[in-house]
1. If the viscosity is 1.002 mPa s and the temperature 20 °C, what translational diffusion coefficient in µm²/s does Stokes-Einstein give for region 136-289 when Rh comes from Kirkwood over Cα pairs?
2. Roughly how many debye, to the nearest 20, is the charge dipole of the chain about its Cα centre, given +1 on each Lys and Arg Cβ, -1 on each Asp and Glu Cβ, and no other charges?
3. Amide H neighbours of residue 40 under 5 Å, counting only residues 5+ apart in sequence or on other chains, H built in-plane at 1.01 Å?
4. Within region 43-96, report the GluC sites (Glu not before Pro) that DSSP leaves as loop and that have at most 14 other Cβ atoms within 10 Å.
5. When we measure straight from the Cα of residue 339, which lysines land under 25 angstrom away, once same-chain ones fewer than 8 places off are left out?
6. Lys and Arg at +1, Asp and Glu at -1: add these up for the other residues within a Cβ distance under 13 Å of residue 304 and post the number.
7. Where in region 121-208 are there GluC sites (Glu not before Pro) that are in a DSSP coil and have at most 11 other Cβ atoms within 10 angstrom of their Cβ?
8. GNM, the chain, Cα, under 10 Å: largest mean-square fluctuation among 345, 154, 249?
Amino acid sequence: MTQTAHGVEFTQQPSATPRSAEERAAILANPGFGNYFTDHTAIVDYSVDAEGKGGWHDARIEAYGPISLDPSAAVLHYGQEIFEGLKAYRHADGSIWTFRPEANAARLNKSARRLALPELPEEYFLGAIRELVSVDREWVPAGDGEALYLRPFMIATEAFLGVRAAREVSFRVIASPAGNYFGGELKPVSIWISREYARAGRGGTGAAKCGGNYAASLIAQQEAESHGCKQVLFLDQFNDNAVEELGGMNVFFVMKDGSLATPALSGTILEGITRMSVIQVAKDMGREVTERKITLDEWRDGVASGEIAEVFACGTAAVITPIGVLKDNTEFIGSEDAKAGETTMAIREQLLGIQTGTIEDTHGWLTRLA
């Protein structure tokens, strides 16, 4: 059968072997993050015809399972792929909502332009997540801080080895029930300073959400974990060691006067949806927010003098996470005994309240999915 979402028809091909209610309940009791996946996936294909005209087609919902790719598929050789991340939240009345999906759709297309992939009309993006959540709505957890994490992605599937933009592409959405990203009680995390590695370079793909950026960060992340840190901080070593971002999160500083500062977008920093939202929520609270260059020296001196009162990171997966210590082999900034700051927690509670429906959404950020 077919379903219509945002004006796009999605063919429904339900899974013949969905998990039982008992299996699903066992998973939802302790989902972790990115460990389990729902029964279905949303797919839309793109191809270029003999006249050179490209178009999206064959929107459908299928059973979750392996992707069949030719060994010469462009994504496997030239890394032509992009992705997004957003969450579906179950509200108290049982309805399911997501947060600022139009911003994710816009960022996906910004990434597509940078990676020479075709742009996806917003109605396909919104339709895909709506249809997938509708068919797998029982997978949306209801526990405190839990959600269904949605992963839209686009890959170049054309079989060829020439170095050019692919003419066949697949857009897909998968979903995974998610608990707390860092697990357990929310406590300030330790961050490792990457002195040797860069996440992205000027003129590169830093502002795009593509797998290559994350692949480049993994060796630094391993280094961080070997020193007992949860995340790694990347600096611009050719710009006074300006703070860029963590491996997958943006950084905010709460100054002693209550204002906030965050690194300005420079082309090497991903424009996070949560980052955008934190800026607006802080302004709603009457706090001044500046986007500017912030150096490692300022971080060090600001913590020592008390000018910087709190530091936190933000992203879709973890939402907001307080930072306690920043360190490497020669630096130790902050305190391992630090508590989550009042401003950090106030912004986190406000943002989570909007997402989960316990606080009024005055900006129209929420979209109902089911």
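1. After rounding, the answer is 117 µm²/s.
2. Approximately 300 debye in magnitude.
3. 64
4. Here the GluC sites (Glu not before Pro) that fit, given the DSSP loop and packing criteria, are 51.
5. 187, 230, 256, 283, 327
6. -3
7. The qualifying sites are 185, 196.
8. Evaluated over the chain, the most mobile residue of the options is 345.
The values are calculated or read from the model by the stated rules, or taken from the named source; none is laboratory data. Computed from a predicted structure; not experimentally measured. Here Cβ is always computed from backbone atoms with ideal geometry, including for glycine, and neighbour counts include all displayed protein chains. Areas reflect the complete protein model, heavy atoms only, side chains present, ligands, DNA and RNA absent. Shrake-Rupley method; radii C 1.70, N 1.55, O 1.52, S 1.80 Å.
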